[in-house]
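Asker: Okay, handing you the structure first.
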Amino acid sequence: MKRSLKVISVVIGSIILLILGYLYISPDKNINGLYLIPEDAMYILDSDDPIENWRELSQNSLWQFLKEHESLSDIADDANYLDTLISDNSFLFKLFGSRKFIMSAHKTRPGDYDFIFAIDLKKTAKTGVLYTALEKVLKASGFKVTTRMYKDYEFLESMDDVKDVLTMCKVENFLVCSYSASLVEKSVDAFQNPQIARDIYFQDVYKRVATKGLSRLYIPYAQIDEYVSCYMAQPDELITDLSHTLRYSALDFIIDDNEWKIKGVTNIDETVDSYLLALMRSGQSNNRVHEILSNRTAWHLSFNFSSIDKFYTELTTVLKLDQAAYDEFTKSQKKIENLLGISVKKYLLDWVSDEVSVAQLRSNAYASREDNLVVCLRTNDMPLAKKSLQHVADQVKKKTPGKFKKILYRNYEIQFLDIKGFFKTFFGKAFQKLEKPYYTTIGDYVVFSNNPRTIIGLIEDFENERTLATNMAHSNFREQASDKSSLRIYVSPENTYPLLGKYAKSQTSSTLKRNEKYFTGLESFGFQFNAEGVMLETFAYLKMKPIHSEDDTQIPEGELAVKYDNYAITTGAVDSVFVIQMIEDDVYKKYYPNGKDVEIRAETKDEIMHGKYEEFYPDGTIRARGKYRNGKKSGGWKYYDEKGNLDNKQRY
């Protein structure tokens, strides 16, 4: 990308020279720069003062942290170059002044995309000698320069010594640049027949976004599939649904030293059936699931509404927009009712109040990804919830061949429900992996999970006050977000990292290990929608950890926290050990499900890992060896493959 900055810096320098010579000449016409953006834009950045904005961003601590990532190495080099360029030529760049700068990203071929840059020339637009000045400066800088015509517009193309070609074209008061000539041609076509800028739905969000931050970010959701396809081999079903449901976001980008915030609005396509549309029509409520979720939570997604009756009514109304979808919904509901002989609404919905959440907990080493999913339904009538669910549990026992004993753990009753399809039917695809869950009640919530071990772990964390309510990272996010929401997403990068590593392929796993600090160095990411009339107030938040901070509330690696009692769970004829992990003589041991083979052996101090640490594969082969100091990895660590061969070394 340094190629771009070097050429563009020459372009800017030429414009500055023209400003000095033609300061008082008025342009023929000023146009909205967004008219130059083709309709296939994946995102658009819009700045009124690009030079000053860059100064501010380049000094930001979060940007300084992120740009060290290996995937951003080229950008980091470019950033350092641009910093030097602006610093060494501060007088000239002051002359450049505040002017509109627009950048948009467009897919150019499978798996790749390029950018359009549009710079407002202001008074230099009418000079008539712009290309002459540019050509002279570029040739003097060693570039090969040619010109050609496209639809009565003159294109200036400069090629460097590695044959990268930057194409430029003046369109009214804007200079359009790109390293993809076809994108400049598309920009000219867009100007002659503007699509995005004249779209009434784009205009709705455009006029509502604030301009207090660094720049504006516009997202056309119709192209989000194309953007994601540049990074993912297979399309994501949820992303595809999002591209069909939302129209545009207009967002103001605000930065602080160690946090970034994005605030704005999003509009939704009210002609398509979607759970999001139903949710947006169902009001808001306070999000409180952090009161019972473990601080081992990797992420959680929460739906909030004024009441479950309101949501159910809006859901059925929205689904009727597509008769096939509505028929499938009623078919699934009747299937559950016929199997269990119950009214789904009466026994599984009427006791729910105003919040439904799904969360992924950090992996516990022998539970699958689905096993660590939990669904939390808030109720304001716990006696009714227990009575209704007990009736369903009784029906399950009558209708299904398996025999499932009620489990009592710390005075929490854990029961089993075979309600396959219920969560997906009523709350969407994000809930579809919860099929035959166990459940218990914690606080004001009924909690479901595919694995009773996950529920018991949640109980332990709740009883020992290791919840998101006491987690500083989550508290910081809640302080920034509004109290009420329609939809909220929270991600803990530190808890997400080990979950990703457990399921990664060997090549991906090594990449994850190299990039561990970019997970552990970020404190949190959060996102929120608030329904306000026909618009969704949109908020996103990214924060890095304070430098040299220690988060002692975080569960250390290996999930050591307190002594779990040995506990056996019986489901029919199958006996399985929930967890055997104990501390004896200041040595922590964690066993595989067979209860015999050691998975982790670690020295401790005050029930926190401190000293030697060893982790083993199921056959006893060493997996990792190192040391902890006060719950944090310290010194040299070695990681081994399943054959015992040294795979990686890390120093902490």
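Asker: Just the residues that are at positive phi and crowded, with 22+ Cβ neighbours inside 10 Å, please, taken from segment 281-305.
Answerer: Once the filter is applied, which keeps residues that are at positive phi and crowded, with 22+ Cβ neighbours inside 10 Å, segment 281-305 yields nothing.
Asker: Further question: At pLDDT below 90, more than 18 Å from the chain's Cα centre (by Cα) and surrounded by 20 or more Cβ atoms within 10 Å (Cβ to Cβ): does that describe LEU319?
Answerer: Working: at pLDDT below 90: yes; more than 18 Å from the chain's Cα centre (by Cα): yes; surrounded by 20 or more Cβ atoms within 10 Å (Cβ to Cβ): yes.
Criteria met by LEU319.
Asker: Just to be sure before I move on: is PRO618 modelled with pLDDT of 80 or more, outside any strand (DSSP E or B) and closer than 26 Å to SER294 by Cβ in the structure I sent? Quick ask: steps written out before the conclusion?
Answerer: On the way: modelled with pLDDT of 80 or more: yes; outside any strand (DSSP E or B): yes; closer than 26 Å to SER294 by Cβ: yes.
The answer is yes for PRO618.
Asker: Right, something else. For ALA190, are the conditions met, namely being in contact with a Lys or Arg (Cβ under 8 Å, 6 or more places away or on another chain), under 26 Å from GLY264 (Cβ atoms) and touching a residue at least 40 places away in the same chain (Cβ under 8 Å)? Give the steps one after another, and end with the answer.
Answerer: On the way: in contact with a Lys or Arg (Cβ under 8 Å, 6 or more places away or on another chain): no; under 26 Å from GLY264 (Cβ atoms): yes; touching a residue at least 40 places away in the same chain (Cβ under 8 Å): yes.
When the stated conditions are applied, ALA190 does not pass them.
Asker: For segment 134-157, does any single residue satisfy the condition of being modelled with pLDDT of 90 or more, closer than 26 Å to MET42 by Cβ and of a type in the set (Asp, Glu)?
Answerer: Checking segment 134-157: at least one residue is modelled with pLDDT of 90 or more, closer than 26 Å to MET42 by Cβ and of a type in the set (Asp, Glu).
Asker: Which residue out of ASP354, ASP394, ASP371 is modelled with pLDDT under 85, charged (D, E, K, R) and open to solvent by less than 50 Å² (accessible area, probe 1.4 Å)? Talk me through it step by step, then tell me what you get.
Answerer: Details: ASP354 fails: modelled with pLDDT under 85; ASP394 fails: open to solvent by less than 50 Å² (accessible area, probe 1.4 Å).
Going through ASP354, ASP394, ASP371 in turn, just one is modelled with pLDDT under 85, charged (D, E, K, R) and open to solvent by less than 50 Å² (accessible area, probe 1.4 Å): ASP371.
Asker: Residues TRP54, TRP63: which one is aromatic (Phe, Trp, Tyr), at pLDDT 70 or above and over 22 Å from LEU175 (Cα atoms)? Show your work before the answer.
Answerer: Values: TRP54 fails: over 22 Å from LEU175 (Cα atoms).
One residue alone meets the criteria, TRP63.
Asker: So, one more: If you go through segment 282-299, how many residues are over 21 Å from TRP351 (Cβ atoms) and not small (Gly, Ala, Ser)?
Answerer: First, the residues of segment 282-299 that are over 21 Å from TRP351 (Cβ atoms): 290, 294-299.
Filter once more, keeping what is not small (Gly, Ala, Ser): 290, 295-297, 299.
Qualifying residue count, segment 282-299: 5.
Asker: While we're on this one: Within segment 601-641, count every residue that is within 22 Å of ASN515 (Cα to Cα) and surrounded by fewer than 15 Cβ atoms within 10 Å (Cβ to Cβ).
Answerer: Qualifying residue count for the region: 5.
Asker: Can you tell me how many residues in segment 437-496 are assigned to a loop (DSSP other than H, G, I, E, B) and closer than 29 Å to THR538 by Cβ? So that I can check it myself, show each step before the final result.
Answerer: We begin by selecting, within segment 437-496, every residue assigned to a loop (DSSP other than H, G, I, E, B); these are 437, 443-444, 450-451, 464-466, 471, 481-483, 486, 492.
Restricting the remaining residues to those that are closer than 29 Å to THR538 by Cβ gives 444, 471, 481-483, 486, 492.
Number of matching residues: 7.
Asker: Having 2 or more residues that are at pLDDT 90 or above and open to solvent by 50 Å² or more (accessible area, probe 1.4 Å) is the bar; report the helices (runs of 4 or more DSSP H) wholly within segment 160-229 that clear it.
Answerer: The qualifying helices (runs of 4 or more DSSP H) are 181-192, 200-206.
Asker: Do the conditions hold for PRO383, that is, is it open to solvent by 60 Å² or more (accessible area, probe 1.4 Å), over 28 Å from ARG288 (Cα atoms) and either at pLDDT 85 or above or of a type outside the set (Phe, Trp, Tyr) (or both)? Outline the logic, then answer.
Answerer: Working: open to solvent by 60 Å² or more (accessible area, probe 1.4 Å): yes; over 28 Å from ARG288 (Cα atoms): no; either at pLDDT 85 or above or of a type outside the set (Phe, Trp, Tyr) (or both): yes.
The answer is no for PRO383.
Asker: Then there is this: Just one of the numbered conditions (1) open to solvent by 10 Å² or more (accessible area, probe 1.4 Å); (2) at pLDDT below 90; (3) farther than 30 Å from ASN53 by Cβ is not true of ASP256; which one?
Answerer: Answer for ASP256: the failing condition is (3).
Asker: Tell me which of these ASP269 doesn't satisfy, since it passes every other one: (1) open to solvent by less than 10 Å² (accessible area, probe 1.4 Å); (2) more than 28 Å from LEU522 (Cα to Cα).
Answerer: Of (1) open to solvent by less than 10 Å² (accessible area, probe 1.4 Å); (2) more than 28 Å from LEU522 (Cα to Cα), only one is false for ASP269: (1).
Asker: I need the full set of residues from segment 288-314 which are in a helix (DSSP H, G or I) and under 24 Å from LEU373 (Cα atoms), in order please. So that I can check it myself, show each step before the final result.
Answerer: Taking segment 288-314 and keeping what is in a helix (DSSP H, G or I), we get 289-291, 308-314.
Listed by number, the residues that qualify are VAL289, HIS290, GLU291, ILE308, PHE311, TYR312.
Asker: Further question: Can you find a residue that is of a type in the set (Val, Ile, Thr) and in contact with an Asp or Glu (Cβ under 7 Å, 6 or more places away or on another chain) anywhere in segment 172-192? Even if it seems obvious, please write down each step before you answer.
Answerer: At the first step, the residues of segment 172-192 found to be of a type in the set (Val, Ile, Thr) are 176, 184, 188.
Narrowing the set further to residues that are in contact with an Asp or Glu (Cβ under 7 Å, 6 or more places away or on another chain) leaves none.
Checked against the condition, which is being of a type in the set (Val, Ile, Thr) and in contact with an Asp or Glu (Cβ under 7 Å, 6 or more places away or on another chain), segment 172-192 yields no hits at all.
The values are calculated or read from the model by the stated rules, or taken from the named source; none is laboratory data. All values reported here derive from a predicted model rather than from experimental measurement. Positions of Cβ are backbone-derived with ideal geometry, glycine not excepted, and every protein chain shown enters the neighbour counts. Heavy atoms of the whole protein, side chains included, go into the accessibility calculation; ligands, DNA and RNA do not. Shrake-Rupley method; radii C 1.70, N 1.55, O 1.52, S 1.80 Å.
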